[in-house]
Amino acid sequence: MSISIQLPISFSKPTATPGRASISVVIPTLNEARNIPWVLRRMPTYVDEVVIVDGRSTDNTVGVAQALREDIVVVNEKRKGKGVALRSGFAAATGDIIVMLDADGSMDPQEIGWFVSPLQHDYDFVKGSRYVTGGGSEDLTWLRRTGNRALTGLANAVLHSNYSDLCYGYIAFRRECLVVLQLESDGFEIETELIVRAARAGLRIAEVPSFELDRISGASNLQTFRDGWRVLGTMAHECLLWEAPTAGARPEALRRVKYAYANVSFPRTPTDPTSVLVALSAPVTSVA
């Protein structure tokens, strides 16, 4: 199969529209130079700020990202863990709305609008679900699917909630929620911490459909059994020990937004990082 190389696209920061909430997208990265071009090229134009958190990549992920998007914010984080990276990114983000996004191409940035819409109305916290109408996954194995359903069922029983998908990290929330959520986790379990604390704090929560794609290239950093136990431990700790600063506000009923996406295919191939950097640095010749 032939691989077509697209020339890099130069982004400039859009002018904020008066009265519109600004949007920051936070992306933890670790050796994603072949995948991040697709993610940045799919970023909607209404996104005001993109923050990548890196400090341990050895494949020039940061250089490729900066070549593709001139206004990108880079946070240098040497400590390990997705939770550490996300917390650093949240601290650096300046938008009214913060969106979490993976760098491997498994989450389509074009879905961001579905997450932002409820936040501009009556909701505080929006999470993606692969199980509601319009959602799905190319990546869920039988083992991961079974584990996720078990953990989701347990969380719903303990929290008296109605989540359909606990272990999925496509999440957006209002910036002011950070004060309430008081995030502490260092690893993948931060996604569970976010969801459990949002419910216990009484935030107004919506689920929207999301279609999880296969990782474009490379191996996932997720380890099913290790991270599954960490999720379970985090859930137990949060449900038993964490006290929401909202003094036990009654959780709002979760709303499911059933969007249907158009069945449109688009190319998803790894990008040669060298092609991005070389194309951008090539001299421009004028044509008489």
Solvent-accessible area per residue for region 67-213 (1.4 angstrom probe, square angstrom): 35 Å²
In nm, to one decimal, how far is the modelled label at Arg79 from the one at Thr58, with both set 7 Å along Cα→Cβ? 2.3 nm
Taking only C-alpha positions in region 139-206, Rg and Dmax in angstrom work out to 12.3, 37
What size of dipole, in debye to the nearest 20, comes out for region 20-158 about its Cα centre when the only charges are +1 on Lys and Arg C-beta atoms and -1 on Asp and Glu C-beta atoms? 540 debye
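Kindly sort Cys167, Cys177 by accessible area of their heavy atoms, largest first, with the probe set to 1.4 Å. Walk me through the intermediate numbers first.
Values: Cys167 40, Cys177 5 Å².
Ranking Cys167, Cys177 by accessible area, largest first, yields Cys167, Cys177.
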Determine, from the Cβ-Cβ distance of Thr94 and Asp272 and an R0 of 35 Å, the FRET efficiency 1/(1 + (r/R0)^6), rounded to the nearest 0.05. 0.60
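Could you please state how large a percent of the accessible area of region 140-203 is carbon and sulfur, counting protein chains only and using a 1.4 Å probe?
Here it works out to 57 percent.
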Separation in nanometres of the label points that stand 7 Å from Cα toward Cβ, at His160 and Asp71: 4.5 nm
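The values are calculated or read from the model by the stated rules, or taken from the named source; none is laboratory data. Because the structure is predicted, anything quoted here is derived from the model rather than measured. Glycine also receives a Cβ, built like all others from the backbone with ideal geometry; neighbour counts cover every protein chain displayed. All accessible areas refer to the heavy atoms of the entire protein, side chains included, with ligands and DNA or RNA removed. Shrake-Rupley method; radii C 1.70, N 1.55, O 1.52, S 1.80 Å.
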